[in-house]
C-alpha cells in the first residue's frame, strides 16, 4: 500500500460523496435505488449533521470512503457507530484501503467511547465477508433486518 491518509468530508465534497455512493450502488447492482442528490446530502450530512464521511487518500486523491453515524445500544447503555457505506474504487482494491477505513472507524469508536461498530453486508459479497471475518467481525446470524420505506412507512405513520 502506498502512502495514505484520512480526512473528514467537508461541504464542498458533496459531489464526490454522491459519486462514491453511485459507484457503490453500481457495484451492488442497486443504482436504480439511489435517489440521493447533492442537495439532500448537504442537508442531512452537513446541515443536520446526521452522518459523517471520511475519505482514505492515496497521494492526495480520494480512493475510498466510509459514511457512518451514531446509533445507540440500550443493552450497553452507550452509543455505537453504524457504518452505512464503505467503498474503495476498483483500481485501488486489494491494497488494504478497506481494512484501513475499518481500522480508522474502530479508532473513532474507541476515541468516542462507543460500545460497538457494526454494519450490514450483502450475502453475495464474499470478498467483503472474507475481510470482515479476517479482522474478527462476527456475523449476527440470529438477527434479521426489517425495514419500512415509501408507502409502507407512510401508512404506518398514519
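Just so it is clear, none of the values below were taken in a lab; they were calculated from the coordinates. The structure presented is a predicted model; accordingly, all values stated were derived computationally and were not measured. Here Cβ is always computed from backbone atoms with ideal geometry, including for glycine, and neighbour counts include all displayed protein chains.
List the residue pairs whose Cβ atoms are under 9 Å apart, where the first residue sits in the range 87-108 and is under 20 Å from residue 70 (Cβ atoms), the second is assigned to a helix (DSSP H, G or I), and the two are 6 or more positions apart or on different chains.
Sorted first by the residue in the range 87-108, then by its partner, the pairs are 102/131; 102/132.
Of the numbered conditions (1) in a helix (DSSP H, G or I); (2) without any contact (Cβ under 8 Å) to a residue 24 or more places away in the chain; (3) out of contact with any helix residue (DSSP H, G or I) (no Cβ under 6 Å at 6 or more places or on another chain), residue 16 fails exactly one; give the number of that condition.
Against the list (1) in a helix (DSSP H, G or I); (2) without any contact (Cβ under 8 Å) to a residue 24 or more places away in the chain; (3) out of contact with any helix residue (DSSP H, G or I) (no Cβ under 6 Å at 6 or more places or on another chain), residue 16 comes up short only on (2).
Filter the helices (runs of 4 or more DSSP H) completely within the range 74-158 down to those with at least 3 residues that are touching a helix residue (DSSP H, G or I) at 6+ places or on another chain (Cβ under 9 Å).
Once the helices (runs of 4 or more DSSP H) in the range 74-158 are filtered for at least 3 residues that are touching a helix residue (DSSP H, G or I) at 6+ places or on another chain (Cβ under 9 Å), what remains is 97-111, 126-134.
Restricting attention to the range 33-50, and to residues there that are free of Cβ contacts under 8 Å to residues at least 24 places away in the same chain and in contact with a helix residue (DSSP H, G or I) (Cβ under 8 Å, 6 or more places away or on another chain), which single residue is nearest to residue 123 (Cα to Cα)?
33
Evaluate the following for residue 36: is it outside any strand (DSSP E or B), surrounded by fewer than 18 Cβ atoms within 10 Å (Cβ to Cβ), at negative phi and under 13 Å from the mean Cα position of the chain (by Cα)?
Against the criterion (outside any strand (DSSP E or B), surrounded by fewer than 18 Cβ atoms within 10 Å (Cβ to Cβ), at negative phi and under 13 Å from the mean Cα position of the chain (by Cα)), residue 36 does not qualify.
Filter the range 118-158 down to the residues that are surrounded by 10 or more Cβ atoms within 10 Å (Cβ to Cβ) and farther than 19 Å from residue 83 by Cβ and list them by number.
Of everything in the range 118-158, those that are surrounded by 10 or more Cβ atoms within 10 Å (Cβ to Cβ) and farther than 19 Å from residue 83 by Cβ turn out to be 148, 152, 153, 154.
Check the range 72-82 and report whether any residue there is without any contact (Cβ under 8 Å) to a residue 40 or more places away in the chain, farther than 24 Å from residue 29 by Cβ, touching a strand residue (DSSP E or B) at 6+ places or on another chain (Cβ under 6 Å) and loosely packed, with under 15 Cβ neighbours inside 10 Å.
yes
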